[in-house]
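These notes are about the structure you will find just below.
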Amino acid sequence: MGLSKYILACTLCVSQLSVFAQSDLLDKKLRNYVKEFNANDNEAVINKISNAQSADWMAANVPLLDCPDKEIEEKYYFRWWSYRKHIKDTPEGTIVTEFIEPVKHAAKYNAISCALGHHLYEGRWIKNNDFLKEYVNFWLYKADVGEKKPRFHQFSSWLDDALLAYYKVNPDKEYIKSIIADLDKDFQKWEQDRKLANGLFWQHDVKDGMEESVSGSRVDKNMRPTINAYMYANAVALSTFADILGDQALKAKYQAKAEEIRKLTINELWDKDEQFFKTKLAKTNQLHEAREAIGFVPWYFNLPLDQKEYAQAWNQLLDTAGFKAKWGLTTAERREPTFRTRGSGHGCEWDGAIWPFATTQTLRGLANLLTNYKHHAKVDKNVFYNELHKYAWSQQMYGKPYIGEYQDESNGEWLKGDHPRSKFYNHSAFMDHVIQDLIGFKPRLDAAFDIDPLIPDGKWDYFCLDNLTYQGKQVKILWDKTGKHYQQGKGFKVFVDGKLVAKKSSIKPLRVKL
């Protein structure tokens, strides 16, 4: 062997050893976290995957994270560990629960549809995730069988949109083909039940999963930004699925519906004076005075136009009289006169307290604004990062990782206390924010993906996201400012199935074709 070939071979061997060492490091990190989580848990409920099995299951199934922000890193692993607890086998297929303990308002098997969208957005990153199709089928075909009242439509839903997000990561054309007619019928059912003569959709706040809210009602047919944004997103998803399946008539039908809902939401629910999406009240046909976090939901689905006027809504995240608080983002603006006045005597309080469900929607809306829009008002990557970090930090109780129902915005107290039903409350997302927004992995419909991180410039000297399964490939994203942390050289690198496919000297947006 010539000297140059010998040197090259040695270099490749050293590189491979570095890769193996790095994989061992991430596996060890995961197992150390799981050991800690298991030690703090009495495991009152065991579903499909026990605590004893959790480390092996996570090592085989979830993307592995290494980063210098230990709050984000710890809660990333904690939330995967917690999500795993909710995967449940039933006689009618595998489902994902919301409450770990049985609750009275659940359907059979303790199933609740409220956070279905969050479950799919999170679960799409699991390597062996075919069970999510069983979960979707449960809601489409089985949940209401034998029930006295509807269970699937017990809560608002962005199922079709979440299915599209799942499809981009795990494309299965035959599965979509098998359910598209029923998704079409389901949309029509929502129109029949919730669409008003003016074209807008209405919903009770309790059926948005958001009782007791400032602008909400359990009896009035108020037109809320939530359900209208959900139905817009569902229409977009159905149009996209129809296009994939070659059904041009169905595509055109849902394109038209999406544009109608978008136009009505902007024209009817946007308060031009206070620059915010608001609830329109059925009794007065006027917008409610208060800004609520539901006004950010349209950006979760990229509904608003890319204009300065609409971007101004996001400045409320910077205002302590708006939504900014020590422990997170509130569900109503803090200047609202009735802020936090509805909690006495009721189990839920959406009039200001922090709800991870709403934080999830707001953070995704903010990420979409920063990534997909030119007009950002005063918010930037630092705002997103700080709020994501705060969200991670807030998921604690007595100094240990915890996720519950809702929180005091000033002191971080979980307002249900250490109630067994609230423990491991699977009513929000977190890992999806780290993967899609912070690291910036953007799935696509074609055989490609984009990376557009929201990590502020100079914030991190290193990070690695490994073991990410995408369209049947294994993806690793790595950043090492000095080249010394991972011993694989300087720069921002992307590997697919172990092969280096993209490299930049700094963290910059890029596209990778498979």
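Here are a few things to note about the model shown:
- Some residue of the stretch 327-335 being free of Cβ contacts under 8 Å to residues at least 24 places away in the same chain and among the β-branched types (Val, Ile, Thr): no
- Qualifying residue in the stretch 102-113 (condition: more than 27 Å from residue 39 (Cβ to Cβ), in a helix (DSSP H, G or I), outside the structural domain of residue 386 (by TED's automatic domain parsing) and in contact (Cβ under 8 Å) with a residue 12 or more places away in the chain): yes
- Filtering the stretch 431-463 to residues that are surrounded by 22 or more Cβ atoms within 10 Å (Cβ to Cβ), more than 17 Å from the chain's Cα centre (by Cα) and within 14 Å of residue 69 (Cα to Cα) leaves only 463.
- Among residues of the stretch 481-501, those that are more than 27 Å from the chain's Cα centre (by Cα) and in a strand (DSSP E or B), counted: 4
- Pairs with Cβ under 6 Å, 6+ apart, first in the stretch 469-482 and free of Cβ contacts under 8 Å to residues at least 24 places away in the same chain and within 15 Å of residue 453 (Cα to Cα), second surrounded by fewer than 19 Cβ atoms within 10 Å (Cβ to Cβ) and of a type in the set (A, V, I, L, M): none
- So residue 360, is it part of a helix (DSSP H, G or I) and over 11 Å from the mean Cα position of the chain (by Cα): no
- The condition of being at pLDDT 95 or above and touching a Leu at 6+ places or on another chain (Cβ under 9 Å) holds for only one of 332, 367, that being 367.
- Matching residues in the stretch 372-429 - criterion: being closer than 28 Å to residue 95 by Cβ, more than 20 Å from the chain's Cα centre (by Cα) and of a type in the set (A, V, I, L, M): 397, 415
- Looking across the stretch 205-221, the residues that are surrounded by fewer than 21 Cβ atoms within 10 Å (Cβ to Cβ) and either more than 26 Å from the chain's Cα centre (by Cα) or under 14 Å from residue 283 (Cβ atoms) (or both) come down to 217, 218, 219, 220, 221.
- Failed item, numbered, when residue 420 is tested on (1) modelled with pLDDT under 95; (2) touching a strand residue (DSSP E or B) at 6+ places or on another chain (Cβ under 9 Å): (2)
- Each residue in the stretch 277-303 was checked for being under 15 Å from residue 361 (Cβ atoms) and free of Cβ contacts under 8 Å to residues at least 60 places away in the same chain, and 2 pass.
- Looking across 100, 126, one residue alone is buried (at least 19 other Cβ atoms within 10 Å of the Cβ), of a type outside the set (Phe, Trp, Tyr) and more than 19 Å from the chain's Cα centre (by Cα). It is 100.
- Scanning the stretch 74-89 for residues that are more than 27 Å from residue 26 (Cβ to Cβ) and surrounded by 18 or more Cβ atoms within 10 Å (Cβ to Cβ) yields a single hit, 88.
- Residues that are polar (S, T, N, Q), touching a Phe, Trp or Tyr at 6+ places or on another chain (Cβ under 9 Å) and not in a helix (DSSP H, G or I), drawn from the stretch 243-299: 275
- The residues of the stretch 177-226 that are among the acidic types (Asp, Glu) and in contact with a helix residue (DSSP H, G or I) (Cβ under 6 Å, 6 or more places away or on another chain), listed by number, are 182, 208, 211.
Yes/no per residue for (1) out of contact with any strand residue (DSSP E or B) (no Cβ under 6 Å at 6 or more places or on another chain); (2) buried (at least 18 other Cβ atoms within 10 Å of the Cβ); (3) not small (Gly, Ala, Ser):
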| position | (1), (2), (3) |
| --- | --- |
| 371 | yes, yes, yes |
| 374 | yes, no, yes |
| 386 | yes, no, yes |
| 392 | yes, yes, no |
| 402 | no, yes, yes |
| 405 | yes, yes, yes |
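- Hits in the stretch 30-82 - residues which are more than 22 Å from residue 423 (Cα to Cα), assigned to a helix (DSSP H, G or I), touching a residue at least 40 places away in the same chain (Cβ under 8 Å) and not hydrophobic (A, V, I, L, M, F, W, C): 61
- Where a residue in the stretch 338-361 is on the phi > 0 side of the Ramachandran plot and its partner, wherever it lies, is assigned to a loop (DSSP other than H, G, I, E, B) and modelled with pLDDT under 95, with Cβ under 8 Å and at least six apart: 340/349
The values are calculated or read from the model by the stated rules, or taken from the named source; none is laboratory data. Given the structure is predicted, the values throughout are model-derived calculations rather than measurements. When we count neighbours, we look across all protein chains shown, and the Cβ atoms used for this are built from the backbone with ideal geometry, even at glycine.
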